[in-house]
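For reference, the structure discussed in these notes is given below.
The values are calculated or read from the model by the stated rules, or taken from the named source; none is laboratory data. This is a predicted model, so every value here is computed, not measured. All Cβ positions, glycine included, derive from the backbone under ideal geometry; neighbour counts span all protein chains shown.
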Amino acid sequence: MTAYIVRRLFYLVPIVFGVCLITFLLFNVVTTGDAIAKQRLGQHANQEQIDAYKKTHGYDKPIFVRFFTSIYDLITFNFGRSEVTHQKITSMIWDGMWPSLSLMLPAFIFTVMTGITFALFSALYRNTWIDRTIVVISIIGMSVSFLAYIIIGQYVLAYQLKYFPVAGYEWGFGVFKFLILPGLIYVLASLGRRVRFFRTVMLDEINQDYVRTARAKGLNQNVILFKHVLKNALIPIITQIVVTLPFLFMGSLLLEDFYGIPGLGAMALNAVNGNDFAIIRALTFIGAVMYVIANLVGDICYAFVDPRVELR
Amino acid sequence: MDEEKNTQPVTQEVEAKPGRSLWGDAFHRLRKDKFAVMSFVIIVIYLFVAILSGLDWIAYNYDKQHFKRDKNGKETTELDDYSKPSLGHWRKTDVPGRDVYIPGHLLGTDVQGRDVFQRVVQGTWISLYVALIMSMIYIVIAVFLGALAGYFGGWVDDLIQWFYQTTASIPGLLLIIALTFVLGKGLGNVAIALGVVGWVGLCRLMRAEFLKHKGRDYVLAARAQGAGSFRIMFRHILPNTFHIVIISFSLGFVNAIMGEVTLTFIGLGAKPEQPSWGRMISDARAELARDPAVWWPIVGATTGMFIVCLAFNILGDALRDALDPKLKE
């Protein structure tokens, strides 16, 4: 087991290197220091200002030196300071992570639970009107833009009916009232996609031979569904959940902007509007590293959960 | 949406009737699916409308919309901003039976007095434009790399797998944002960025298909006759796996339309004067806060988007069931 984990850890090296390479290429080769300086300083910046910017941000050094310093900076999590607020980026990310998680984690757990419930219903009553209604509503839900959900939800439920505060955030348990509406909208907007995926996974399992065998030996439908099908369907479901986890840390750009939640999503949006390249670079890298680690955790989970996984 | 057939084990669905090709069989199955046929008709109408408005034959584009008709039906430069949706009305004249019909704005007007309905129609062209650019880019990258990886294997496969795993690791939205920093803002660049980011899923599928097909008899026969690797890959194997590209295209269309909305809201996509659906939905944030609230632009754009996305979702599903039942999600 330990050997397996160590070997999987070594697989991470080329991927993390690749992420470093792509981030570097994006900000150094595809776009040049001059272009970045011009966007940061405005169209009317003179040559001295541009040179000064390039010097402070290391763009005057040869490309190989820049490449290795950038890799070193990224893997030691030394992202420098924001180009707009001049705060340390690592502490900004640390502070922004918790509001994002406080919104996304409960909403995500609720979505998955509800999604699995609906999918089980769908699978249990497959090809009846119950199943068809669930599928149709899921597809209808998937066809509306996330932004429309947010804007209409905020307008109707918060402005007009005043069931929820319009926007805001506070530290501590009082935050609950601010998180219900954005959480609800997240659940509404993403439930359709989840239900459809879970249902597909379960129907795939139901068509397997072992289910036919179980039915042939006289087990009742519920035992088959909950003991056999659900257990096996959990494997692809866990994969999907684990791969989504990094996005919970990164928060949601749109939700956080509309509901005034000071998380990483709002931070990314501010960085885009303020041309803050340092923050975009840091968030890109951290998101990628978390995704890679989540995949690793997913694989290790398999090895524990599923005896059929070979530890190669 | 081919729900009736799910009682059968999935593998039996694939088998085509003798004497009918895979495509003929799929067409036959699609034709029996009412929802799929309806979606197909909606998509054809959508394409038709989008191309006509792209050519400026219907729905004036934004710089031609800066006028309003006065009570005599003549164009004036005076603009009527945020007028409510109306079907128009009959204006009484002195002569009985000669009342004049004054056409109204079906979906009202926006901040500059432009007809919202015409802007929604114009939005069809912009969504088609974004989706086509995105699809062309990601399909070419995905098919080419997937084919190379699956067919050649070895170090080529390792390299391409490394490349797509790396791309998949980077959060998509942030990569798009970084790319538009580099390419510049605007709808065209957003479409390019969406394409550069979106190829991984299809590439994975194509790699698996090419891996499966390269040992088949028809490939061996082609090679025995002296066909080169690229000829085998793109003339022999690709046509046999092309249904996957079509399914991916249909479902990817929705992603392009949704992506345009998000990126326009962030400020990377459509400019304020461009009549894209994303622009109209983004502007609604300020418009709903007005008193009385201006709800018609967001309702118009969301409805237009909803119809098109629903049709593509249903057709994509039906295509998947008809052409490749094994390929679910």
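Is one or more of the residues making up the range B:170-189 in the same structural domain as B:HIS236 (by TED's automatic domain parsing), within 30 Å of A:GLY274 (Cα to Cα) and among the polar types (S, T, N, Q)? Yes, that holds for at least one residue. Read through the list (1) under 28 Å from B:ILE307 (Cα atoms); (2) charged (D, E, K, R); (3) modelled with pLDDT under 75, then give the number of the only condition that B:GLU75 fails. All conditions are met except number (1). In the range A:94-112, the residues that are in the same structural domain as A:LEU234 (by TED's automatic domain parsing) form Cβ pairs under 7 Å with partners that are of a type in the set (Lys, Arg), at six or more places apart or across chains, as follows: A:THR111/A:ARG194; A:VAL112/A:ARG194. Evaluation of B:THR93 against the conditions (1) part of a helix (DSSP H, G or I); (2) surrounded by fewer than 21 Cβ atoms within 10 Å (Cβ to Cβ); (3) not basic (Lys, Arg) shows that the sole unmet condition is (1).
Looking at the structure I just gave you, is B:ALA318 in contact (Cβ under 8 Å) with a residue 12 or more places away in the chain, surrounded by 23 or more Cβ atoms within 10 Å (Cβ to Cβ) and more than 9 Å from chain A (Cβ to nearest Cβ)? Step through it out loud before you land on a result.
Details: in contact (Cβ under 8 Å) with a residue 12 or more places away in the chain: yes; surrounded by 23 or more Cβ atoms within 10 Å (Cβ to Cβ): yes; more than 9 Å from chain A (Cβ to nearest Cβ): yes.
So B:ALA318 fits the description; yes.
All conditions in (1) of a type in the set (Val, Ile, Thr); (2) within 11 Å of another protein chain (Cβ to nearest Cβ); (3) touching a Cys at 6+ places or on another chain (Cβ under 7 Å) hold for A:ILE293, with the sole exception of (3).
Taken over the range A:273-283, residues that are part of a helix (DSSP H, G or I) and touching a residue at least 60 places away in the same chain (Cβ under 8 Å) amount to 6. For the range B:133-145, the condition holds for no residue, the condition being that it is of a type outside the set (S, T, N, Q), at pLDDT 90 or above and over 30 Å from the mean Cα position of the chain (by Cα).
Please verify whether A:ARG215 is in a helix (DSSP H, G or I) and either outside the structural domain of A:MET104 (by TED's automatic domain parsing) or more than 28 Å from the chain's Cα centre (by Cα) (or both), treating the condition exactly as stated. So that I can check it myself, show each step before the final result.
Details: in a helix (DSSP H, G or I): yes; either outside the structural domain of A:MET104 (by TED's automatic domain parsing) or more than 28 Å from the chain's Cα centre (by Cα) (or both): yes.
Answer is yes for this residue.
Does A:ILE130 count as at negative phi and within 26 Å of the chain's Cα centre (by Cα)? Steps first, answer last, please.
Working: at negative phi: yes; within 26 Å of the chain's Cα centre (by Cα): no.
Answer is no for this residue.
If you scan the range B:252-303, which residues turn out to be away from chain A (no Cβ under 11 Å), assigned to a helix (DSSP H, G or I) and of a type in the set (A, V, I, L, M, F, W, C)? Within the range B:252-303, B:PHE253, B:ALA256, B:TRP296 qualify. Condition check for A:ILE139 on (1) assigned by TED's automatic domain parsing to the domain that holds A:GLY265; (2) over 30 Å from B:GLY300 (Cβ atoms); (3) surrounded by 15 or more Cβ atoms within 10 Å (Cβ to Cβ): one failure, at (2).
Whether any residue in the range A:230-238 is outside any helix (DSSP H, G or I), within 12 Å of chain B (Cβ to nearest Cβ) and either under 26 Å from the mean Cα position of the chain (by Cα) or surrounded by fewer than 17 Cβ atoms within 10 Å (Cβ to Cβ) (or both) is what I want to check. It would help to see each step written out before you state the result.
To start, the set of residues in the range A:230-238 that are outside any helix (DSSP H, G or I) comprises none.
So far as the range A:230-238 goes, no, none of its residues is outside any helix (DSSP H, G or I), within 12 Å of chain B (Cβ to nearest Cβ) and either under 26 Å from the mean Cα position of the chain (by Cα) or surrounded by fewer than 17 Cβ atoms within 10 Å (Cβ to Cβ) (or both).
Among the residues of this structure, A:ARG7 does not count as one that is in a helix (DSSP H, G or I), of a type in the set (D, E, K, R) and touching a residue at least 12 places away in the same chain (Cβ under 8 Å).
Of these, A:VAL175, A:VAL144, A:VAL195, A:VAL187, which one is within 25 Å of B:ALA256 (Cα to Cα) and away from chain B (no Cβ under 14 Å)?
Working: A:VAL175 fails: within 25 Å of B:ALA256 (Cα to Cα); A:VAL144 fails: away from chain B (no Cβ under 14 Å); A:VAL195 fails: away from chain B (no Cβ under 14 Å).
None of the other options fit; the residue is A:VAL187.
For the criterion of being within 13 Å of chain B (Cβ to nearest Cβ) and without any contact (Cβ under 8 Å) to a residue 60 or more places away in the chain, A:VAL211 passes.
Within the range B:287-295, does at least one residue satisfy the condition of being among the aromatic types (Phe, Trp, Tyr) and either under 16 Å from the mean Cα position of the chain (by Cα) or surrounded by fewer than 24 Cβ atoms within 10 Å (Cβ to Cβ) (or both)?
Pass one, the range B:287-295, residues among the aromatic types (Phe, Trp, Tyr): B:295.
Still in the running and either under 16 Å from the mean Cα position of the chain (by Cα) or surrounded by fewer than 24 Cβ atoms within 10 Å (Cβ to Cβ) (or both): B:295.
Yes, the range B:287-295 contains a residue that is among the aromatic types (Phe, Trp, Tyr) and either under 16 Å from the mean Cα position of the chain (by Cα) or surrounded by fewer than 24 Cβ atoms within 10 Å (Cβ to Cβ) (or both).
Just name the residue that is nearest to B:PHE234 (Cα to Cα) out of those in the range B:119-138 that are out of contact with any helix residue (DSSP H, G or I) (no Cβ under 6 Å at 6 or more places or on another chain) and surrounded by fewer than 24 Cβ atoms within 10 Å (Cβ to Cβ). Explain how you work it out, then say what you get.
Residues of the range B:119-138 out of contact with any helix residue (DSSP H, G or I) (no Cβ under 6 Å at 6 or more places or on another chain): B:119, B:126, B:129, B:132, B:136.
Now restrict to residues that are surrounded by fewer than 24 Cβ atoms within 10 Å (Cβ to Cβ): B:129, B:132, B:136.
Values: B:TYR129: 27, B:LEU132: 22, B:MET136: 17 Å.
Looking at the filtered set, the residue picked out is B:MET136.
Considering the range B:163-251, the qualifying helices (runs of 4 or more DSSP H), each wholly inside and each with 2 or more residues that are touching a residue at least 40 places away in the same chain (Cβ under 8 Å), run over B:172-183, B:187-197, B:200-213.
Only one residue in A:GLY141, A:GLY174 is among the small types (Gly, Ala, Ser), in a helix (DSSP H, G or I) and either without any contact (Cβ under 8 Å) to a residue 40 or more places away in the chain or closer than 30 Å to A:ARG281 by Cβ (or both). Which one? Before you say what the answer is, go through the steps one by one.
Details: A:GLY141 fails: either without any contact (Cβ under 8 Å) to a residue 40 or more places away in the chain or closer than 30 Å to A:ARG281 by Cβ (or both).
None of the others qualify; the one that does is A:GLY174.
Collect the residues in the range A:240-272 that are more than 8 Å from chain B (Cβ to nearest Cβ), surrounded by fewer than 24 Cβ atoms within 10 Å (Cβ to Cβ) and part of a helix (DSSP H, G or I), keeping them in residue-number order. Before the answer, list the steps.
Of the range A:240-272, the ones more than 8 Å from chain B (Cβ to nearest Cβ) are A:240-245, A:248-249, A:251-252, A:255-257, A:259-267, A:270-271.
Filter once more, keeping what is surrounded by fewer than 24 Cβ atoms within 10 Å (Cβ to Cβ): A:240-245, A:248-249, A:257, A:260, A:262, A:270.
Listed by number, the residues that qualify are A:GLN240, A:ILE241, A:VAL242, A:VAL243, A:THR244, A:LEU245, A:LEU248, A:PHE249, A:ASP257, A:ASN270.
If you go through the range A:144-164 and keep only what is free of Cβ contacts under 8 Å to residues at least 60 places away in the same chain and either under 16 Å from A:ARG196 (Cα atoms) or not aromatic (Phe, Trp, Tyr) (or both), you end up with A:VAL144, A:SER145, A:ALA148, A:ILE152, A:GLY153, A:VAL156, A:LEU157, A:ALA158, A:GLN160, A:LEU161, A:LYS162.
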